[in-house]
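Reviewing the structure listed below.
The values are calculated or read from the model by the stated rules, or taken from the named source; none is laboratory data. Treat the numbers as computed from the prediction; the structure is a model and nothing was measured. Positions of Cβ are generated from backbone atoms using ideal geometry, with glycine treated the same way; all protein chains shown enter the neighbour counts. The protein model used for the area step is the full one, side chains on, heavy atoms only, and it has no ligands, DNA or RNA in it. Shrake-Rupley method; radii C 1.70, N 1.55, O 1.52, S 1.80 Å.
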Amino acid sequence: MAAGIIDGRQVAADMRDELKQEVSNLKDRGIVPGLGVVLVGDDPASRSYVTAKERACDEIGIFSDDHRLSADTTQEALVALVQQMNEDPKINGILVQLPLPPHIDEAEVLLAVNPDKDVDGFHPMNVGRMVVGQEAFLPCTPHGVVQLLVRSNVTLQGADVVIVGRSNIVGKPLANMLMQKSKTGNATVTVCHTHTKDMTSYTRRADILIVAVGRPSTIGADMVKEGVVVIDVGVNRVEDASKKRGYRLVGDVDFEGVKEKASLITPVPGGVGPMTITMLLHNTVESAKRR
Ligand code: GUN
């Protein structure tokens with residue numbers, strides 16, 4: 001079977017059209033949604049993510065307040081900036097791009113964000129609320145994955161979902177979302193990681209396989225069953241002299257091999273990536289509506 005492609009760009013474009021209308025309705029009531037964006041240092045990948053997030057805000061009418069700080073910014077200065085944004089009524093959402101430089105205590109910075117403006121869903125208050133099934137800001141990448149599955153009419157109820165990777169940003173929250181007793185959950189979730197024995201025995205029984213480890217070719221065709229739905233969260237740069245920029249982007253899954261067995265699969269780029277930013281816009285609009 002050659003897989004159908006889950007077109008993340010199209011799903012994201014549909015959702016952004018809906019959001020644009022909501023922003024327009026808010027503006028009619030005198031509310032302009034605002035996102036505070038903080039980037040510390042000049043990691044090229046983080047810089048391009050942040051630029052893409054700001055451009056997306058601009059496209060749907062969200063005001064973004066951009067702060068690009070040098071790599072030697074102190075913990076105190078960063079926390080002070082977050083606190084200033086907490087108090088600023090023009091700011092509905094705060095995004096501190098991760099990872100932060102090693103001298104900064106990431107947990108303390110995330111804790112400083114007002115949970116009501118935590119549109120990344122990384123504050124322990126929002127994480128806890130999500131785990132117990134209360135209304136919370138959901139982290140953008142896993143929420144985007146759930147939206148891709150739901151909007152592709154993939155059955156989650158009772159499905160065997162295998163997640164490879166247990167990061168705080170993707171694997172852990174996604175496992176929680178998909179096991180929730182809810183219309184967008186009710187799956188049986190297994191999480192594999194670096195200490196999993198015989199990973200193939202798990203990945204081969206997955207109805208839905210979600211891979212988020214940050215390593216190319218983690219999943220080959222021999223590791224999946226016929227008809228599986230595959231969501232590839234990985235974004236890896238691999239050298240490619242034929243490209244002007246010297247690299248190309250690949251996911252964690254061997255796309256060419258796995259697509260021959262899967263029923264549905266996300267490409268990289270053009271799969272999960274556009275959804276992450278879309279869910280950030282969604283959370284920022286939600287925050288402005290709740291204000
Ligand atoms: N770094 C990688 N993914 C994310 C994300 O979703 N939010 C933030 N703030 N940083 C990230």
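Remarks
- Between Lys197 and Glu135, the simple label model (points 7 Å from Cα in the Cβ direction) yields a spacing of 4.6 nm.
- Cα-only Debye scattering, the chain: base-10 log of I(q)/I(0) at q = 0.10, 0.11, 0.12 Å⁻¹: -0.55, -0.66, -0.79
- Per-atom-type breakdown for the stretch 63-216 gives carbon and sulfur 52% of the accessible area (1.4 Å probe, protein chains only).
- Take the chain with all the other protein chains still there, run a 1.4 Å probe, and you get 48 Å² of accessible area per residue.
- Along its three principal directions, the equivalent ellipsoid of the stretch 230-287 from the Cα gyration tensor extends over semi-axes of 25, 18, 7 Å, largest first.
- Loop sites in the stretch 231-272: GluC sites (Glu not before Pro), DSSP, at most 15 other Cβ within 10 Å: Glu260
- Across Lys53/Lys183; Lys53/Lys117; Lys225/Lys259; Lys183/Lys225; Lys117/Lys289; Lys53/Lys289, pairs whose alpha-carbon gap is larger than 18 Å: Lys53/Lys183; Lys183/Lys225; Lys53/Lys289
- If both residues of a DSSP beta bridge must be in the chain, then about 10% of such bridges are antiparallel.
- Rounded tilt (10° steps) of 75-87 against the dominant C-alpha axis of the chain: 80 degrees
- Cα-based helix-to-principal-axis angle, 8-28 vs the chain, degrees rounded to 10: 20 degrees
- Scaled against 2.2 N^0.38 Å for its residue count N, the alpha carbon radius of gyration of the stretch 89-154 is 1.26.
- Taking 0.692 mPa s as the viscosity and 37 °C as the temperature, the Stokes-Einstein diffusion coefficient of the stretch 49-182 based on its alpha-carbon Kirkwood radius rounds to 199 µm²/s.
- Each stretch of four or more DSSP H residues adds -39500 (n - 2.57); spread over every residue of the chain, this sum gives -12000 deg cm²/dmol at 222 nm.
- Lys259, Lys244, reordered so the largest accessible area comes first (probe 1.4 Å): Lys244, Lys259
- Mean separation of Cα contacts under 8 Å (6+ apart) over length of the chain, as relative contact order %: 23 percent
- Cα long-axis angle, helix 140-151 against the chain (0 to 90 degrees, to the nearest 10): 50 degrees
- For the stretch 141-291, the share of DSSP beta bridges that are antiparallel, to the nearest 5, is 20%.
- Remark: accessible surface ordering of Ser242, Ser152, Ser201 (largest first) is Ser242, Ser201, Ser152, probe radius 1.4 Å.
- The gain in end-to-end length when the His103 to Thr155 segment is fully stretched comes to 14.3 nm, 0.36 nm per residue minus the alpha carbon separation.
- FRET efficiency estimate (nearest 0.05) - Cβ-Cβ, Arg47 to Asp72, R0 22 angstrom: 0.85
- Arg29 versus Lys243: modelled label distance in nm, points set 7 Å from Cα along the beta carbon direction: 4.3 nm
- P(r) tail for the stretch 181-291: Cα pairs beyond 23 Å make up 40% of the total.
- Antiparallel content of DSSP bridges confined to the stretch 201-287, in %, to 5: 35 percent
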